[in-house]
Every structure is written in structure tokens, then in C-alpha cells.
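Colleague: Submitted below is the structure of interest, expressed as C-alpha cells.
Only the coordinates and a few stated rules stand behind these numbers; no lab work does. Just so it is clear, the model here is predicted, and its values are computed rather than measured. Methodologically, a virtual Cβ is constructed for each residue, glycine included, from the backbone with ideal geometry; neighbour enumeration extends over all protein chains shown.
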Amino acid sequence: MAASGDEGRMGDSAGEKGNAMTSGRDSHLVCRFDSAGTEGQLILQTGRIHVLLGKNGAGKTHWIESLAGLLPSAGMGVRFGDEPLWRAGARGRIVRNPQALRAYAYATQAPEDQLAHRTVEEELAETLKPYSLPPEEVRERIVAALRAVGWSEDWLARSPFLLSGGEKRRLALACLLAAPCDWLLLDEPTSGLDAPGQEALQAQLRLRAAEGQGILLISHDTEWALPLADRVLLLSAGGERVRECSPEELLGHPEWWEEAGLPVPEWLQAIAPLLKRGVPASLVWSPRDLARAAAKREAETEDLSPGSSSVVRRRGTSAAREQRRRIARTPLLFFDPRALWLVYVILSIAILAQRSWWGVAAGGAIAAAGVAFGRIPLGRWRGVLVGFLLFTLTVSVVAGIGRSAGGEWGFQVGAFLTALHSMARTFLVLLLGLGLAVAITPLRLRRSLESLFAYRGRIAPILQKFLLTVALMLRFIPVFLSEWERFSRYAIARGKESGRRRSVPGLVKRIGRIATPFLFSLFRLGDQAAIALESRGVGRVASPTIVKLGRWTAKDWGLVIIAVSLAAALWLVRGLGA
């Protein structure tokens, strides 16, 4: 994609191959929702441009990622032609269908983040790898994709990391256009583009649709997207319904915008009276023709607004979508961070002091009550918790293998239970610690620790460095996890990883696809963090003034008193039954 200052312009054709960029199959995109009957089915036809509109938070990106198989399609069946996106694997597991994955090419809101190879040619070749094409056709498609974005073969040897921002976006678009697929899925493709770049992209998408490819794009720029659209998909404000209509019908019904939680554009408000007088909506995109038609209708007062043939389909109320929209505000946020830390330390010491299984059971009840009271989302740490439980079981089994008192080798139940008892106490402390991660943000943590270690409103430089390190670690650990998940999705969208590989070489290959862009992303995040810290003056003042936290309230003292009472009860039963 071109930005101002970039060399050349996007070409008006895809090169010498002409219309041979798609696979040639009839591959309509079919979505079946929770609702029964025909109204629960949405068919998007190839050869058309579909524009998905909706307010922020309605679930547009979530939906398009579900169509691409990047997220589970809970409550929705997806099919590209005759190929379902998900199917049963050899062991009964539901896995992605490689044929369906190869039916589309997907560009995220920042497609340049996927660039991770040494040359432009390697980037384009990586896109074509999943299709197993002959070398001659690979070369033809690479050249055609370059010409489609206004480049020559001289660009093949260039490094993507030395390109400007606009050139990187143009390379990402070339990768999208190179794939021999039936569908192009684009999320905010005009983001960061200037007017010439948007016009060039518009021309390319029209050309692709004319060649038979289906196009589904998300855009907030209705003035750019509606003239391009053959069909419009309008998500309701809650995302539970989708209205399919033509652009002309959408222009003639401003109330549909309000139903979707979208403001009616000012340009539409200005021409709405003309549309009601019967001026064809197709003339909206040509101001000269619109003015002529308006002059002819000026004397007419009859309301000639066209009827509607739009269809509203209910997407259902699947549990996954409800869970995604549910925001559980933990009550722990209303307590002072210092009180939460003190409660955690008190309860942890009491749990670790238990010497019997009765005490562990009592500690487990307290931990379960804490998880329920704090609304701690254990599913978020499912991988960590399952891994720790497997580690606990392994350690306990290994500890139970040894010689008995009589010198015979075998499985010693006593040693097994002793190790399991120790690991069980640690697991309960881990569960309580998850509440701190939910309730105490890095900023709250840093301020509470600064208030604790400050002397006369200031803090020593060595403590500043320590506290900043702790805060950054807690801030970036979830960011790292989020970035890894993001690039795992990219590996599916670009590398067409179906998740079926269980061999060691397959896993190494998959990790390689994820790790390279992930590391580059970490470098960028590190640079951005360093620039942000420097711009805010971190480190310039030897002893900066510390923000003083407020005094504890009654609820903070009440929480600590409850924790002390529970710890005392645990102390009384610590040796019961030992």
C-alpha cells in the first residue's frame, strides 16, 4: 500500500496473468448461525465486494477472525464452497480444514507486522508455500503481485526492514494479492493510507472482484467503502444481528445506522432530503450528476424513497460471544494494594504451615472462597494451572519411587503423599496469588511499593531501579503472552497451519513461523518502551517526588481482620490428624 512519498503507484492490473489469480472454483462463503431455518444462513458470493460495518466493540474483528479460523467459530458454522472450515480429525478432535484455510488470504489492521524474512522475494514466496505451486507459477505470481502494487522485479532483492512504513504496507498487500485464493479478508485496509493510496487500493479491489474473487472488508471510512461495496453487512450494536443490504438501501434508511449504534454521517444527513424525493442513490458518488438530478426533483414534494429488500439475520447468543462481552469487575479493585499484599502474605504463611491433609482441605476451602469472592478468571491461566498440576503429579510419583524400610524397591505411598502434600500447599498459594495479578495493575503496584519504601516523600535511586524493573516485568509478561497468541494466529492465516502436525519437525516448523516475527515485535516494543520512559523523564531526577497513597479505609481494615481470623483458624488445625 502506498503512502505519500513512496515511489510509483499501484498498477491497474495484476500483470500478465490477467484473470488467472484465483483458483477458479465456485467458493461462496457460507455462514450458518445459531438460529434455525434459512434466516440463520448468510451466503457471501464470490465476485462481489462485501463491506462489514458496525460500532466499536460490536465484534467485527472477532467475526472476521472466526471466518479465517483464527478463533473458534462457536455458534457459527463456516464453509468455503464445499469445504467446512472445521472438521473432525483422525482422533475425533475438531481441527481446521487445510483446504478451507487455503481458500482465503487475510490482512490484519497492521499487516506489515507479519513481515519477517530477509528479502521481498522471500516474503512473497512464503505466502505461496502452502499452495505447493510449480516454480514457474510461483515466479509468475510474484511478478504479477509486484506489478499490482506498482513495483518492478528490482524490488525483489530489497530487505523489508529497510522499507518505509508505506512501502511495508504495499509489500503486505502484494503478499495478499499473490495467493491463488478465492477470498480476500481485510481488516481496516485504509488505515494509515493517504488519498492516492486509498484510490489505488480501491481500484485493485474492484479488479479482483471482476476477476472472480470474493472480498470481505471492515472499514470505518464509510465515504471510501460504500462506493466500493456490492453488499453491506451491518452489525447491530450488540453484535447479535447482522443486516444484509445494498449500499443504496443503507443510504435510504438512516435509521439503520442508529440501530447499529453508528452516527449518521454528515454527508448522508445533507443528501437525505434528496433521496426521499426520489433522487437515485447510485448518483450520490457523483456530485455533478447528483446536482442535476436534484434540480429536476426540486419542485417535487412527494416522498419517493425506495422500498427495502434487506434481510436481518440473527447471529444467535452463543456462550462464547456472551463470555467475550461479559466484563467481570473484580471487587478486589476497590481495596488498597497494600492491604491485598498483606492479606496474601498472612494467608500464604498460614497455608504453608499446615502439616495435615485436614489443614490443606481447610486452606483449599479458603482459596476457593477467595477465587469466588475476587471473581478470578481461572480460565485465563488454564495453561499455567494445568502445567503446575502435571508437574505436581510427576514430582510426587518420582518421590514415591524408592527403597522401603526393608530395603526393597517399589512405590512408597508415604513418600508420594508427603510430596503431594507439599505441592498442594504451593498450588493453593498460587491460586491466591492470581488475585493479585487481577486486582493490582503495574501502576498500582509501583505506587504502593514506592509509598512503602519512600522516606519523606522521596525514594533512593537504587530502589527506583528495582521497583521499575518489577513493574515492567508485570506489565510486559501479559503483553508477551498476547503477542505470542497474535503471531500464532498469523501462522494460521498466512502459513495455513491447520494444527494437525504432532511430529517434532512439524512443531519446530510451526514455532519457527511464530518465533521470528514475535522476536521482531519484542524489539519494537522494547524501543517504544525506552522512548516512552525517556520522554517522561525517568532517571533524570535522582530522587523524584512520590505520589502518596490515601489512608486505609474501613473495608481495607475489615479485609485484613478477616484474613487474620482465617489464618488463626488455620493455625489451630495445622496439626489436626497429622
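Colleague: Considering only DSSP beta bridges with both partners in segment 174-253, what is the antiparallel share in %, to the nearest 5?
Modeller: Once the DSSP bridges in segment 174-253 are tallied, antiparallel ones form about 45 percent.
Colleague: Over 30 Å between Cα atoms: which of K60/K168; K60/K465; K55/K555; K55/K168 fall into that group?
Modeller: K60/K465; K55/K555
Colleague: Also, I was wondering about something else. Using the crude model of +1 on Lys and Arg Cβ and -1 on Asp and Glu Cβ, and no other charge, please compute the dipole size for segment 199-269 relative to its Cα centre, in debye to 20.
Modeller: Roughly 300 debye for segment 199-269.
Colleague: Follow-up. In terms of modelled amide H atoms, which long-range or inter-chain residues lie less than 5 Å from the amide H of A105?
Modeller: Sorted by chain and number, the residues that satisfy this are W183, L184, L185.
Colleague: Taking the beta-carbon count within 10 Å as an exposure proxy, list E123, E153 from fewest neighbours to most.
Modeller: E153, E123
Colleague: Using the Cβ atoms and a cut-off under 14 Å, what net charge is assigned to the surroundings of A362, where Lys and Arg are +1 and Asp and Glu are -1?
Modeller: Result for the neighbourhood of A362: +3.
Colleague: A further question follows. Size of the dipole of segment 73-216 about the Cα centre, Lys and Arg at +1 and Asp and Glu at -1 on the beta carbon, nothing else charged, in debye to 20?
Modeller: Charge dipole, segment 73-216, about its Cα centre: 580 debye, nearest 20.
Colleague: A follow-up question, please. About the Cα centre, and with charges only on the beta carbon of Lys, Arg (+1) and Asp, Glu (-1), how big is the dipole of segment 427-492? Nearest 20 debye, please.
Modeller: 300
Colleague: I need the P(r) histogram for segment 337-443: all alpha carbon pairs, bin width 10 Å from 0 out to the longest distance, whole percents.
Modeller: Spelled out per bin, shortest first, that is 14, 38, 30, 13, 5, 1.
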